[in-house]
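Written below as structure tokens is the structure these notes are about.
A short reminder: the numbers here are calculations on the coordinates, not readings from a lab. Bear in mind the structure is a predicted one, so any value in this text is a computation, not a measurement. Cβ placement follows ideal geometry from the backbone for every residue including glycine, while neighbour counts extend to all protein chains displayed.
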2 protein chains.
Amino acid sequence: MAKRWSRVEEKSLFRAVEDLLRPKTIAIIGASDSSRGGWAQQIYDNLEHCGFPAKLYLVNPKRRELWGRPVYPDFAALPERIDLALTIIPTPAIPATLAEAAAAGLKCALIYAAQFGEGGDPEGVARAQAVQALCERYGMRVSGPNCMGVVALREKLLLYPAKRVRALPAGSVGVVFQSGGTFQYWLQQAAIRGLGFSYAISSGNELDLDLADYINFMVEDADTRMIACMVEGIRRPAAFMAAAAKALAAQKPILMVKVGRSDGGRAAVKSHTGAIAGDDQVFDAVCRKYGVVRCPSLDDLIETALAFSTGRLPHGPRIAMVGASGGGKGLFLDYASDEGAEMAVLGAATQARLRALIDAGVPAENPLDCGATIATNPRKFGEICKIVCADPNVDIAAVQGALPVNQGEPGDPVPFAELVASTKIPLLAYGRMAQNVSEISRKFQSAAGLPFLQGLPETVRALQGLIHYGAVRRRGIAPLRAPQGSAQNLAPAAFVARLADNGLIQPRSEAAHTPEEAAAKAEEIGFPVAVKIVSPAASHKTELGGVALQLADAAAVTAAASSMAARLAALDPTAPLDGFLVQEMVDGIELIAGVREDPLFGPFMAVGLGGVLVEVLKDVAIRLLPVDAATAREMLAALKGAALLDRFRGRAARDVAAAVRAIVGLSEIFIDHRPWLSDLEINPLIVRDEGQGVRAVDIRMIRRAS
Amino acid sequence: MAKRWSRVEEKSLFRAVEDLLRPKTIAIIGASDSSRGGWAQQIYDNLEHCGFPAKLYLVNPKRRELWGRPVYPDFAALPERIDLALTIIPTPAIPATLAEAAAAGLKCALIYAAQFGEGGDPEGVARAQAVQALCERYGMRVSGPNCMGVVALREKLLLYPAKRVRALPAGSVGVVFQSGGTFQYWLQQAAIRGLGFSYAISSGNELDLDLADYINFMVEDADTRMIACMVEGIRRPAAFMAAAAKALAAQKPILMVKVGRSDGGRAAVKSHTGAIAGDDQVFDAVCRKYGVVRCPSLDDLIETALAFSTGRLPHGPRIAMVGASGGGKGLFLDYASDEGAEMAVLGAATQARLRALIDAGVPAENPLDCGATIATNPRKFGEICKIVCADPNVDIAAVQGALPVNQGEPGDPVPFAELVASTKIPLLAYGRMAQNVSEISRKFQSAAGLPFLQGLPETVRALQGLIHYGAVRRRGIAPLRAPQGSAQNLAPAAFVARLADNGLIQPRSEAAHTPEEAAAKAEEIGFPVAVKIVSPAASHKTELGGVALQLADAAAVTAAASSMAARLAALDPTAPLDGFLVQEMVDGIELIAGVREDPLFGPFMAVGLGGVLVEVLKDVAIRLLPVDAATAREMLAALKGAALLDRFRGRAARDVAAAVRAIVGLSEIFIDHRPWLSDLEINPLIVRDEGQGVRAVDIRMIRRAS
């Protein structure tokens, strides 16, 4: 079960990362010019290149001197307490060496090596446990293992075994990747595109320090303005959610590529860093609640980071696009449709002003294709963009723009800069596809004052990322309140009454002993009714013809009940007949609404359209609790089969308001009864025509194992 | 209605493109150093740069001399007949000028200007009609209008108004884009990535010459080995399908970005080039049948073109991936799952050989993460790749590889080249994300002998493109046979018999006049049955309680029929009662299967799971006719709700074999009856449990308007 929300506030959720990223003293354990493919050498060279940002000690029992420095045989021999030790020794020796170092007061260790139980092998697991025990006993922190190290750009600390990290520019993006190899390619490409970094951490197995700690550190770091991560699994969900909430409050967006959406991906994650990828739909609900922006690919992570780099957020979802290509316009609309994006409708005044500037024959509408002649007239293009962005119906805009790459290529950043100055809405430039980017391009981008994204689908997704993040910022994070009342042993009848009070009304149902009594009960309930035979021998009611639906009058009820009884007697003359159940016949659309605890992220609700859609198509919307009315409405609208709730083929619309009330009620009830309830599902929850409410036909609840 | 297949063979389907792309004489109409933003100047400069690949004449009544050449006042004054005229004059003057030129024997005109009726404005439409009339009268060909011209690399013919096309390398990719602006960016980026071109055509509105003509030309061109296109609409569907069939036979893949998948995209297409984007699902069926590889984005079009550039095709769908990153492996599996890709399972012998080479602790499985130490050992990585590719369970492989960009960067192409030489399966290298590419990169790629793709999702899609294309090559294109028999006035009973012969059996149904007769008919049919009241006053059977289902014995039938009659009499004492319909009760899964004519591409079938899935989720599989058993099976498997046909929750599987027989039967019947039938739909086609066949409950047919 997930940690309770009351713990979110606890300081102890986050462990200190300072000694890893801002150490005053560093020791290289296993300093050697050949260890682990020369990693010690490469890291030493990087430290030297940066003028030794921390006091450096070398440790190796087999050496006396190296790189012109004294080498100490062990930690006990060092003249001062060490903030950070880099372990570049054979894996099996690491636990014992760290035990000695921890005893000598080591504050933090960075373990590069793998084989700490990733694949589940017993030796590796034992190793990890030994190191974890040191962390607990001494309060020592560990980064890694199974990682490629960390980089702190402002501190000039390049603890990564490759020269190429020296070229990374300092900037405002904090980076955490569980995959150390991918990390370096991403950083390099992001830098080429003009992004700079505060800290970049390859977090590996996260045996001790984890994503939540790193995010917390970066949120508190004044230089970090957004956090980009590639994540395999969330080690401490409550801490992660607390860190994400803190990041949202500080307006430092978290952008994330999550590995393990598929079964195969999840298995790969387990064997790679030993992380649990978890249920992807629930994780999606976590991201939705906390405003974590999920990116489908590493390339998207760059484009979206660029889009967020302006620091502006849209106040609504309406997108404008301005370009000089009809083909680009058509493609943009196709991708907007794929992503469910909303295109702004330009006002009449805007259209009139545009008509005077754009090519004859092209429509003055959004998305705007200005025509081929405007493509070679950047000033005029800039004026057109200004007019579009000044329209109050536009919340965010993307304007066509390619970066110059080589010296002497045409291009003028000024119209872009003027456009940016003319408006407060978020703005980005887009190219229709990937392109090379050089120093010249980066200077142009910088002078233009807006990011140049590459690729139309990526651009649309980045715009949507800004829009969704902006909406979560406005909406905030609804806290999960504590259970109320002492409902531990609520009697079934009281619980049913509580459900009904919360909009989860059960259909009327009466027992009858004879066909005639059944008809009388049916008159009380009102027609049409359903009649079911009640007999221990009649468990397969449908097959036996033991269920009659849509009975319209008393005669039909008597006939149906008599006929069932006769069939039962004919099939099995000894079968006892207990009587009949007469039920209000409820017509409508079947929903399934269920609440339960995710093992990682706590209570969540799943809502789906009943029957085939849920069972076969898994068409469900999932949100973390609490679910309020707006969220409930959003969940229903998100279903693929949502149209079934609307007016459909001349039929009345369904009672969506009652369904929303019932969904919110289910959320409230579960929150209060969580201490004894682990699962509460209404299946079906029948949504009748507008104004007729809902009926909770079957209620299934599972008590916690105590 | 689409053209008949018998016309496919007609030579007249394709118009000659030679005068456009291999002209011996060219005239620039409107030659001037300022016309249309200097386009004439720029094109002239390009021709000069290439040493004038054709004899050049300048035409302009206002000039005597230009660029040191004589200028002719009009076409009549030219000393010889002209193959190709470039019209760089104001749009309104074009029809009259071309009329004069056509009369003087002009063979082909290239019209750059827009406003030829794209948006539907009457003046533009009239202009287009005038030019089309010239084409018909004189047999003159026209390329464009609303385009940016053409480029023939081998002929050194750069009829594009920009210097940058001079840098395009010659090669084997033929290119046709309806969007002229997008075209130039795509060509430039594709060239940077190492692709070269035979011909590149911006086809614009396709007033005369169209995609089908260009594809036909490129299929016949020995230098062109694949065709990449960005398409808004298919002007002549029959000609396009014939060209696509010819391309498939010649093993020249057609790769395509199609604009207008969404409603918004379709509207943009209409106003951009006046093309009809058409029903995207039907177009998808066209691509599936003819092996046209659809690419979702312009970047994908490059990656997929690179993947096809090896010329190798896989013999099956099983993909292997070899890399040195656990994160990359997890992401690859996620994308493979998104695309429905099949990962190869490595044989035990392969696994044993791998275990000796890869890092300790990483599993010897596909996808293969070799471990971090292999990342810096290209020789060993190459050996590992060879072992994987030699496994008979592997049909196609992607191996990790990044291109060097700058002088002095490490990288060895030899292991890649040796890998390529060691196997016959298609091979490509992938990088996890986009990267810069330079001359050094292209040389490396060329020496390595395999393409380097960028981005994991794009790589998976390119692999799937090769796999699907390979499958269509093996399967071939089933021809649509001519209608058989003289079925013009087939009587209803005969048609029903024909349906039954083809597996489309209707449920047994008998009419009865009294409740007692209904019970007797039910005994004949066998229980359970359904009973429906028959009365002109009882059209809303369900609401009136005029339908009783699942009646299990004669008594229930009598009771239900009597009850219905009584209810009808009570509601409306004057209502006539015609009797009752007693029907075989058919339990099973509802399919909808329908055949009709697409206005562009001819007869196609749609199969969906009945009810909600079709109506709300549009969960249908669409294929062009004829549909054979393999295709029918593939259609059923492609449905999102396909699991409903399998064994499900302990229930028996459905009779899929009978459903397949019925679908194939429907295809056959429609082909024979197309001359008088425009639409034939079975809804529902109920698929009963295995061995119990199907029942065509409702058959709806629409006769052609004659």
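For segment B:408-563, the share of alpha carbon pairs falling in successive 5 Å distance bins from zero is 2, 7, 9, 9, 8, 6, 5, 4, 4, 5, 6, 6, 7, 6, 6, 5, 4, 2, 0, 0 percent.
Farthest toward the positive end of the dipole of the protein assembly as shown, out of B:Tyr44, B:Ala222, B:Ile111, is the Cα of B:Tyr44, where the dipole comes from beta carbon charges about the Cα centre.
Taking the convex hull of the alpha carbon positions in the protein assembly as shown and averaging its projected area over all directions gives 59.3 nm².
Taking the beta-carbon count within 10 Å as an exposure proxy, list B:Asp300, A:Asp598, B:Asp74 from fewest neighbours to most.
On the way: B:Asp300 23, A:Asp598 20, B:Asp74 14.
Neighbour counts put them in this order, fewest first: B:Asp74, A:Asp598, B:Asp300.
Averaged over the residues of peptide A:177-187, the number of Cβ atoms from other protein chains lying within 10 Å of each residue's Cβ is 5. Within a straight-line Cα-Cα reach of under 17 Å, A:Lys246 can be paired with the following aspartates and glutamates, leaving aside sequence neighbours fewer than 8 residues apart in one chain: A:Glu9, A:Glu10, A:Asp210, A:Asp213, A:Glu220, A:Asp221, A:Asp223.
Does segment A:155-280 classify as rounded, prolate or oblate by the C-alpha gyration tensor (a ≥ b ≥ c root eigenvalues; a/c under 1.5 gives rounded; else a/b over b/c gives prolate, otherwise oblate)? Provide the component values of the computation, followed by the final result.
Numbers: a/c = 1.85, a/b = 1.24, b/c = 1.49.
Oblate shape, in that a/c is at least 1.5 and b/c is the bigger or equal ratio.
Summary of the geometry: segment A:318-334 and segment B:394-467, compared by the centres of their Cα atoms, lie 32 Å apart.
What per residue convex hull volume, in Å³, do the alpha-carbon atoms of chain B yield? Present the calculation step by step, with values, prior to reporting the outcome.
Values: hull volume 136.4 nm³, N = 706.
That works out to 193 Å³ per residue.
Note on the protein assembly as shown: dipole from Cβ charges, positive end direction compared against A:Leu551, A:Leu13, B:Ala96; the farthest Cα belongs to B:Ala96.
Just tell me how shielded B:156-166 is by partners: mean number of partner chain Cβ atoms within 10 Å of each residue's Cβ, no decimals.
Numbers: counts 0, 0, 0, 0, 0, 2, 1, 0, 1, 0, 0.
For this peptide, the per-residue mean of nearby foreign Cβ atoms is 0.
Fewest neighbouring Cβ atoms within 10 Å first, the residues A:Thr373, B:Thr87 line up as A:Thr373, B:Thr87.
Other chains' Cβ within 10 Å of A:563-576 residues: what's the mean?
On the way: counts 7, 2, 0, 3, 4, 0, 0, 1, 0, 0, 0, 0, 0, 0.
Mean partner-chain Cβ count within 10 Å for A:563-576: 1.
From the gyration tensor of the Cα coordinates in segment A:46-102, what semi-axes in whole Å does the equivalent ellipsoid have, largest first, with each one equal to sqrt(5λ)? Could the numbers behind the result be given before it?
Details: eigenvalues 75, 35, 30 Å².
Each semi-axis is √(5λ); the values are 19, 13, 12 Å.
Between segment B:98-174 and segment A:97-111, how far is it from one alpha carbon centroid to the other, in angstrom? Each part's Cα centre sits 75 Å from the other's. Basic side chains Lys and Arg get +1 at the Cβ, acidic Asp and Glu get -1 at the Cβ, and with that the dipole of the protein assembly as shown about its Cα centre reaches some 3580 debye. Residue-wise HN-Hα couplings along segment B:417-434, as the Karplus relation 6.51 cos²θ - 1.76 cosθ + 1.60 with θ = phi - 60° gives them from phi, are 4, 5, 4, 4, 5, 7, 9, 9, 6, x, 9, 9, 9, 10, x, 6, 7, 5 Hz; Gly and Pro carry x.
Among B:Arg141, A:Arg508, the order by Cβ neighbours within 10 angstrom, fewest to most, reads A:Arg508, B:Arg141.
At 37 °C and a viscosity of 0.692 mPa s, what translational diffusion coefficient does Stokes-Einstein give for segment B:150-225, taking Rh as the Kirkwood radius over Cα pairs? Give it in µm²/s as a whole number. It would help to have the intermediate numbers written out before the result.
Working: Rh = 12.4 Å.
The Stokes-Einstein estimate is 266 µm²/s.
Phi-derived couplings, Karplus 6.51 cos²θ - 1.76 cosθ + 1.60 at θ = phi - 60°, listed residue by residue for segment B:655-667: 7, 5, 4, 5, 5, 4, 4, 5, 5, 5, x, 4, 4 Hz, with x used for Gly and Pro. Averaged over residues, the count of other Cβ atoms within 10 Å places the peptides B:226-233, B:127-134 in the sequence B:226-233, B:127-134, highest first.
What net charge do the residues around A:Leu609 carry, taking every other residue with its C-beta under 13 Å from that of A:Leu609, with Lys and Arg at +1 and Asp and Glu at -1? Walk me through the numbers before you get to the answer.
Numbers: positive: A:Lys618, A:Lys640, A:Arg654; negative: A:Glu590, A:Glu615, A:Asp619, A:Asp646, B:Glu615.
Once positives and negatives cancel, what remains is -2.
Taking max minus min of the alpha-carbon positions on each principal axis, segment B:190-345 gives extents of 53, 39, 31 Å, largest first.
Between A:Leu248, A:Thr350, A:Phe381, the Cα set farthest toward the positive side of the dipole of segment A:231-388 (charges on each charged residue's Cβ, about the Cα centre) is that of A:Leu248.
Mind checking the dipole of chain A: about its Cα centre, +1 per Lys or Arg Cβ, -1 per Asp or Glu Cβ, Debye to the nearest 20?
Details: 75 positive and 75 negative charges, 414 e Å.
Dipole about the Cα centre, nearest 20: 1980 debye.
The coefficient of translational diffusion for segment A:596-706, derived via Stokes-Einstein from the alpha carbon Kirkwood radius under 25 °C and 0.890 mPa s, stands at 169 µm²/s. Values of log10 I(q)/I(0) for segment A:181-237 across q = 0.12, 0.18, 0.23, 0.24 Å⁻¹ run -0.30, -0.67, -1.03, -1.09, by the Debye formula with one identical scatterer at each alpha carbon and no solvent.
Can you give the convex hull volume per residue for the Cα atoms of segment A:307-465, as a whole number of Å³? Kindly include the intermediate steps, with their values, before the conclusion.
Working: hull volume 15.8 nm³, N = 159.
Here the figure is 99 Å³ per residue.
Relative to the Cα centre, the charge distribution of segment A:347-405, modelled as +1 at Lys and Arg Cβ and -1 at Asp and Glu Cβ, gives a dipole magnitude of about 220 debye.
Think of it as helices only: each DSSP H run of n ≥ 4 in chain A is worth -39500 (n - 2.57), and spread over all residues that comes to -11500 deg cm²/dmol at 222 nm.
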